[in-house]
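Each value in this text was obtained by applying a stated rule to the coordinates, not by laboratory testing. No experiment lies behind these values; they were computed from the predicted model shown. Glycine also receives a Cβ, built like all others from the backbone with ideal geometry; neighbour counts cover every protein chain displayed.
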Amino acid sequence: MSQGNEALTDADVEKIASTLPRFADEERRAEFPRLIREWTSWRMGFDRKASREEMRLSLNKVHGLATALQETLASLHEDARLTLARQLTPDNKLDGPLTRILRSTEAPEGLKHLKITEAATLMTAQAASAALDELHSPKAGRPRQTEKRVAACELAEIFTWATGERPHRRVRPIDLYGDDGGEYGPFRDFVTEVFGVIFGNASGVDRAVRKAVKFMEQNRTPSMAILAIRQLL
């Protein structure tokens with residue numbers, strides 16, 4: 001795949017697939033090309049050339065809207081909360097990504113759905129605030145590396161789905177093979193191959209893999225990006 005081209009070739013897909021240790025079953029092997037193509041197209045749809053000022057303005061807007069929505073929901077009169085909650089029950093006529101996600105949860109009651117929305121909105125506001133702090137940090141000069149770490153977390157979900165195994169880090173001891181040691185393993189190989197195809201290089205892969213493995217181990221609340229990936233699986 002040439003730089004800037006969002007379409008993976010058959011050769012790209014097979015090269016990426018060859019890094020996986022195994023597939024959980026034949027159905028997932030057959031579905032893998034579609035999934036990796038859709039994820040790549042979606043991931044590369046982000047504008048990597050956005051200026052720092054554009055990023056700041058966008059994050060400020062997200063923070064403001066999320067904060068305002070969370071505060072408004074928290075201040076609703078009980079009657080208004082109940083009226084809104086009734087619209088979030090599984091048998092309502094609304095449809096869309098959020099409704100489908102809410103319907104898939106274990107608790108169908110509208111009030112619990114409303115609390116999920118409030119919690120997610122608060123988390124979004126907090127995440128936007130943290131992102132702004134990171135943007136203004138003296139260490140914030142590497143947006144591409146941040147993008148790679150986020151991509152690695154998404155690839156961890158795909159790796160787990162495809163293989164039926166959670167990703168792990170493997171570190172070769174220093175001097176065991178007459179070299180300086182280093183990280184290796186199927187998940188690292190998978191991420192390295194994907195980075196080479198969509199980013200043009202695999203720089204920062206070890207840090208990205210560490211971030212992704214830690215993310216999976218801690219079972220953190222998934223971002224909307226991860227939820228979108230799970231809808232494809």
inquiry  = Between ARG207 and LYS112, how high is the FRET efficiency from 1/(1 + (r/R0)^6) when r is the Cβ-Cβ distance and R₀ = 45 Å? Nearest 0.05.
reply    = 0.75
Positive minus negative residues near THR163 (Lys, Arg vs Asp, Glu; Cβ under 11 Å) = +2
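May I ask you to sort HIS77, HIS168 by Cβ crowding, counting other Cβ atoms within 10 Å and putting the fewest first? Don't skip to the end; give the middle numbers.
Numbers: HIS77 8, HIS168 13.
Result, fewest neighbours first: HIS77, HIS168.
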task = Give the order of VAL171, VAL209, VAL62 when sorted by the count of other beta carbons within 10 angstrom, beginning with the fewest.
result = VAL171, VAL62, VAL209
